[in-house]
Amino acid sequence: MSRIQANLLLLLAAAIWGGGFVAQSTAMKSIGPFWFIGLRFAVATLVVLPFVWMENRKVRQPLTHRNWLSFLLIGIALFGGAATQQLGLLTTTVTNSSFITGLYVVFVPLIAVIFLRRSPHWVIWPAALMALGGIYLLSGGSLSHLTIGDFLTVVCALFWAAQITLAGSAVNETGRPLGISATQFAVTAVLALAVAIAIEPISIADIRAALGEILYVGVFSSGLAFALQIIGQRYTTAPQAAIFLSAEALFGASLGALLLGETMGPLGYAGCALMFAAMLAVELVPEFARRRRATA
């Protein structure tokens, strides 16, 4: 596969994820947020299971109790991210959600600094300030204009960052990325369905009305896009992969405007641009520095 083809696969994955924001928003016209989360991740679990079976045939090392505990914690972090993102979409726009969620790229190294005591690359600090500035501009220059959904989505980005940090460590230890994916999907589905049964009404008609969105996010966002990312990243460079995958936020905003008629003022667009620049800086600057040292 050529690098151009690989980058196009990554761009397609980003477009699928961007469309997921629209599906998540429109689904809640018919179904409660926790029923949607539970059903979408139940579908995602079923989609990934055949790949887990193939992975288990290659990986012979058995999983320990500690490994299973780490998988459970990853699933809890994913549930936290999914729940806060979905609840946030009740009162924020797809555009805001897609860009604010993308701040997990900035939060991941910050978590490594705070909890893992790792020395950060210098770009983390200006990127964090850029991200905060972007959120301020997204509010129109007044934090009082930010909705509860915006704040929930910031919390979502923190959960996403925690999930990525935990998953990265577990993958390095076990060599089972697909097994981790299936387990975290299953844990999230069980937790969400438990909450949904307790607090949200449901009917077959509700599920049927939201079935298209459930299948899109469960099959394409969680199954197909994940596979495209894994394949594409094998045949391109890390900086190019970061650029194409970060386009998820741009696709989310564009589809929100096209399909849902969302709009924002000039300050909002400036805030989105500033946050997008922060995401790219965190991914690209350290990678370029590593490549420069390697060729020096």
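The values are calculated or read from the model by the stated rules, or taken from the named source; none is laboratory data. Predicted, not measured: the structure shown is a model, and the values here were computed from it. All Cβ positions, even for glycine, are placed from backbone atoms using ideal geometry, and neighbour counts span all protein chains on display.
Is there a residue in the stretch 87-94 that is among the small types (Gly, Ala, Ser) and within 17 Å of Ala23 (Cα to Cα)?
Within the stretch 87-94, the subset among the small types (Gly, Ala, Ser) is 88.
Now narrow it down to the ones that are within 17 Å of Ala23 (Cα to Cα): 88.
Yes, the conditions are met somewhere in the stretch 87-94.
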| said: Quick check on the stretch 61-73. Is at least one of its residues under 24 Å from Ala196 (Cα atoms) and within 17 Å of the chain's Cα centre (by Cα)? | reply: yes
| message | Going through Arg40, Arg60 one at a time, which residue ends up being among the charged types (D, E, K, R) and surrounded by 24 or more Cβ atoms within 10 Å (Cβ to Cβ)? | response | Arg40
| request: Filter the stretch 256-266 down to residues that are over 22 Å from the mean Cα position of the chain (by Cα) and modelled with pLDDT of 80 or more and give me whichever is nearest to Gly134 (Cα to Cα). | output: Pro266
| Here are Ala186, Ala253, Ala210: which of them is small (Gly, Ala, Ser), in contact with a Phe, Trp or Tyr (Cβ under 7 Å, 6 or more places away or on another chain), modelled with pLDDT of 90 or more and surrounded by 19 or more Cβ atoms within 10 Å (Cβ to Cβ)? | Ala210
| Which of the residues that make up the stretch 268-280 are over 18 Å from the mean Cα position of the chain (by Cα) and either surrounded by 17 or more Cβ atoms within 10 Å (Cβ to Cβ) or not hydroxyl-bearing (Ser, Thr, Tyr) (or both)? | Gly268, Ala270, Gly271, Ala273, Leu274
| field | Subset of the stretch 87-100 (residues that are crowded, with 24+ Cβ neighbours inside 10 Å and assigned to a helix (DSSP H, G or I)) | value | Gly88, Val94, Thr95, Asn96, Ser97, Ser98, Phe99, Ile100
